[in-house]
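**Student:** If you scroll down you'll find the structure; I have some questions about it.
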Amino acid sequence: MQNAAGGSPADNNPEDLIARIAESADKDAFASLFDSFAPRVKYFLIRQGTSVELAEELAQEALLTVWRKADYFASRRGTAASWLFALARNLRSAAARRD
């Protein structure tokens, strides 16, 4: 079975998507990861007390960090989701220190 992007459903595994971004700057993999995680990260940040506007900005920045630093992800240390939410949490902390 194939998904809308033409790959198998396993191709949407976040760890695999990050690997594809790290290996070949795969824009389709990034778009898939972004579509899956940006709303979840934004909601996570809002639940932590972040304004909607700042949550949107920080969610985008967290995903851009994945684009830039995908090769730093190590699945043996945790899941892609835990890494992404940790990035978002750290960005939120940095934003709070600036304010």
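**Student:** Which of the residues belonging to the stretch 30-67 are closer than 15 Å to ASN13 by Cβ and touching a Phe, Trp or Tyr at 6+ places or on another chain (Cβ under 8 Å)?
**Tutor:** Residues satisfying the conditions are PHE30, VAL66.
**Student:** Quick one: would you say ASN3 is modelled with pLDDT under 95 and under 19 Å from SER82 (Cβ atoms)?
**Tutor:** no
**Student:** Considering only the stretch 68-90, state which residues are among the hydrophobic types (A, V, I, L, M, F, W, C) and farther than 17 Å from ARG40 by Cα.
**Tutor:** Initial filter on the stretch 68-90 (among the hydrophobic types (A, V, I, L, M, F, W, C)): 70, 73-74, 80-81, 83-88.
If the condition is that a residue be among the hydrophobic types (A, V, I, L, M, F, W, C) and farther than 17 Å from ARG40 by Cα, then ALA70, PHE73, ALA74 are the ones that fit.
**Student:** Same structure, new question: Name the one entry in ALA95, ALA70, ALA88, ALA74 that is surrounded by 11 or more Cβ atoms within 10 Å (Cβ to Cβ) and within 20 Å of ASN12 (Cα to Cα).
**Tutor:** The unique qualifying residue is ALA70.
The values are calculated or read from the model by the stated rules, or taken from the named source; none is laboratory data. Everything numeric in this text was worked out from a predicted model, so none of it was measured. A quick note on method: Cβ atoms are made from the backbone with ideal geometry, for glycine too, and the neighbour counts reach across all protein chains shown.
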